[in-house]
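Trainee: The structure follows.
The values are calculated or read from the model by the stated rules, or taken from the named source; none is laboratory data. Everything numeric in this text was worked out from a predicted model, so none of it was measured. Glycine gets a Cβ as well: all are built from the backbone with ideal geometry, and neighbour counts include every protein chain shown.
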Amino acid sequence: MKIKLKKVALLVEVLGGVAILISLVFVSIQLRENTKATRSATATATIDTMTNWYAAMGTNKEASASFFRFLADPESMTKEERLQHIFNFHGLFLAFQNSYYLSLEGTLDKRIPKSLMQVIYGVKDQPGFKLYWKSRKSIFFEEYRDYVDALLMSTDIKSDGIYGYEGTEITPGNPVNDTSRSN
């Protein structure tokens, strides 16, 4: 009877070990799936923020024209209009900063903030952007400021004409609302 009890205890111990191993495998699979879901939700939220910003600007002719005017010649605007665009830019850049930190911690794919930085490439030489960055830069975390400053100083950056016509920059003498041009 003693031997039988030892065999049963050993069998229970082995089965307990197998159950723990199966549980660990299951937890590992769940953790991987949860990580994937979290990364997907984070990417979706980041892209939704950008989509909403672009949709708001792109579906409102007055907002788009005012934004282009701010980029090209912020001094031609009232103080209140400039402030409105600085706030608008700031909302966008807070999302950029968030995506930058989420990518550093591995929650967000590094390609997403890299893609978002194309916006900076398109406007980095525009007077309105320079005004914005000068006035709001100090509000951002130091690492992010350094990151953006490095992007702004890069000579490898080539604008694809996203905020003007291909091969041109937005300037007061080159209005962006000239509908006789083709894109």
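Trainee: Can you spot a residue in the stretch 49-59 that is in a loop (DSSP other than H, G, I, E, B), surrounded by fewer than 18 Cβ atoms within 10 Å (Cβ to Cβ) and not aromatic (Phe, Trp, Tyr)?
Mentor: Checking the stretch 49-59: at least one residue is in a loop (DSSP other than H, G, I, E, B), surrounded by fewer than 18 Cβ atoms within 10 Å (Cβ to Cβ) and not aromatic (Phe, Trp, Tyr).
Trainee: Right, something else. Here is a list: 70, 93, 87. Which entry is surrounded by fewer than 15 Cβ atoms within 10 Å (Cβ to Cβ) and modelled with pLDDT of 90 or more?
Mentor: 87 is the lone residue from the list that is surrounded by fewer than 15 Cβ atoms within 10 Å (Cβ to Cβ) and modelled with pLDDT of 90 or more.
Trainee: Determine if the stretch 36-58 includes at least one residue that is free of Cβ contacts under 8 Å to residues at least 12 places away in the same chain, under 26 Å from residue 131 (Cβ atoms) and acidic (Asp, Glu).
Mentor: no
Trainee: How many residues, within the stretch 102-136, are without any contact (Cβ under 8 Å) to a residue 12 or more places away in the chain and within 17 Å of residue 87 (Cβ to Cβ)?
Mentor: Adding up the residues that qualify gives 2.
Trainee: A further question follows. Among what's in the stretch 110-131 and is touching an Asp or Glu at 6+ places or on another chain (Cβ under 8 Å) and either at pLDDT 95 or above or part of a helix (DSSP H, G or I) (or both), pick the residue that is surrounded by the fewest Cβ atoms within 10 Å (Cβ to Cβ).
Mentor: Looking at the filtered set, the residue picked out is 118.
Trainee: Select from the stretch 67-84 the residues that are within 15 Å of residue 123 (Cα to Cα) and part of a helix (DSSP H, G or I) and list them in ascending order.
Mentor: Passing the criteria: 67, 68, 69, 70, 71, 72, 74.
Trainee: If you don't mind, there's one more thing I want to ask. Restricting to the stretch 132-152, count the residues that are surrounded by 12 or more Cβ atoms within 10 Å (Cβ to Cβ) and outside any helix (DSSP H, G or I).
Mentor: The qualifying residues number 1.
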